[in-house]
Amino acid sequence: MYEVDEQLLMVATDRISAYDLVLGSAIPDKGKVLNQLSAFWFAQTTHIVSNHMLSIEPTEYPKPLQQYADLLRGRSMLVRKTVPVAIECVARGYISGSAWKEYQLTGETCGVILPEGLCESDRLVEPIFTPATKAETGHDINISESEAAQLIGGDLLSQLKELTLALYKHGAAHAESCGIIVADTKFEFGIAIENGHEEIVLIDEVLTPDSSRFWPSATHLAGGPQPSFDKQYVRDYLDRIQWDRHPPVPELPNDVITNTRAKYIEAHQRLTGTELR
């Protein structure tokens, strides 16, 4: 993230993290996938909420940046500044991950009571909103709506919940038409001042393999974990080698790097209908 006058330049690298640590191997073109997929979704969702994207074309960036055009092309985005809201807004259409773990113990997740008898990877009757804290270090923590309201205020939370579910339903419907299930995803929002008025703005990345759980719909079968287009493939490898989730971080073998790259690129191509640039 770079300050450029009154704007920000976001550059997506090929580094990959798991269990809150950046690993010792990069995934080629991963940053381009995240950047270009986010740009696609920003353009697709302006009827729901404004966003911070100004351009992803280096020729349109401020003049001092244009000497780096070859480096920035495809993996950078010029955005307007906002004040980030202090929670992450998670939408879940299927029960998996931390929500599944909590459900097994309590029958609910983030204070939302769920029907009895759900299996892992089941589709929920209606998508649910489950906020989380933004941790300075370590893992984000799921919280209830009442806890989130204490952090950011009830009125703002109500607006963010409505926007989160609208964005999720729009994205999930498009993805389903492309053969991808969006099991869950997280959005981040900021507050911008426009003409003296505060405006809620969608920021960061949107519906990418890093911020979402993507499953191929053709093979979905509730009752256990699903194959994915996201970094779960990397987590599964780390679990197989029994990494203790503490430094030093492991290097990834070539086959894991190659297969992860292929999953990210396939997700991009399916969702956008275009080749990666």
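Here is how the numbers come out for the structure above:
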{"read-out": "Contacts under 7 angstrom Cβ, first residue in the stretch 130-151 being in a loop (DSSP other than H, G, I, E, B) and modelled with pLDDT under 95, partner β-branched (Val, Ile, Thr) and open to solvent by 90 Å² or more (accessible area, probe 1.4 Å), 6 or more apart", "value": "Ala135/Ile141"}
{"read-out": "Which numbered condition Leu118 fails, given (1) open to solvent by 50 Å² or more (accessible area, probe 1.4 Å); (2) within 26 Å of Ser217 (Cβ to Cβ); (3) free of Cβ contacts under 8 Å to residues at least 24 places away in the same chain", "value": "(1)"}
{"read-out": "Any hit, the stretch 159-174, residues being modelled with pLDDT under 95 and not polar (S, T, N, Q)", "value": "no"}
{"read-out": "Selection from the stretch 41-87 of residues that are surrounded by fewer than 19 Cβ atoms within 10 Å (Cβ to Cβ), without any contact (Cβ under 8 Å) to a residue 24 or more places away in the chain, of a type in the set (Val, Ile, Thr) and not in a helix (DSSP H, G or I)", "value": "Thr46"}
{"read-out": "Subset tally (residues that are β-branched (Val, Ile, Thr) and either touching a Pro at 6+ places or on another chain (Cβ under 7 Å) or open to solvent by less than 20 Å² (accessible area, probe 1.4 Å) (or both)) for the stretch 1-40", "value": "4"}
{"read-out": "In the stretch 208-225, the residues that are open to solvent by less than 50 Å² (accessible area, probe 1.4 Å) and over 24 Å from Glu88 (Cα atoms)", "value": "Pro216, Ser217, Ala222, Gly224"}
{"read-out": "Residue list for the stretch 239-255, filter: of a type in the set (Val, Ile, Thr) and in contact (Cβ under 8 Å) with a residue 40 or more places away in the chain", "value": "Val249"}
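The values are calculated or read from the model by the stated rules, or taken from the named source; none is laboratory data. Remember, predicted model here, so these are calculated numbers, not experimental data. Using ideal geometry, Cβ is built from the backbone for each residue, glycine included, and neighbour counts are taken over all protein chains shown. Surface accessibility is based on the protein's heavy atoms, side chains included, excluding ligands, DNA and RNA. Shrake-Rupley method; radii C 1.70, N 1.55, O 1.52, S 1.80 Å.
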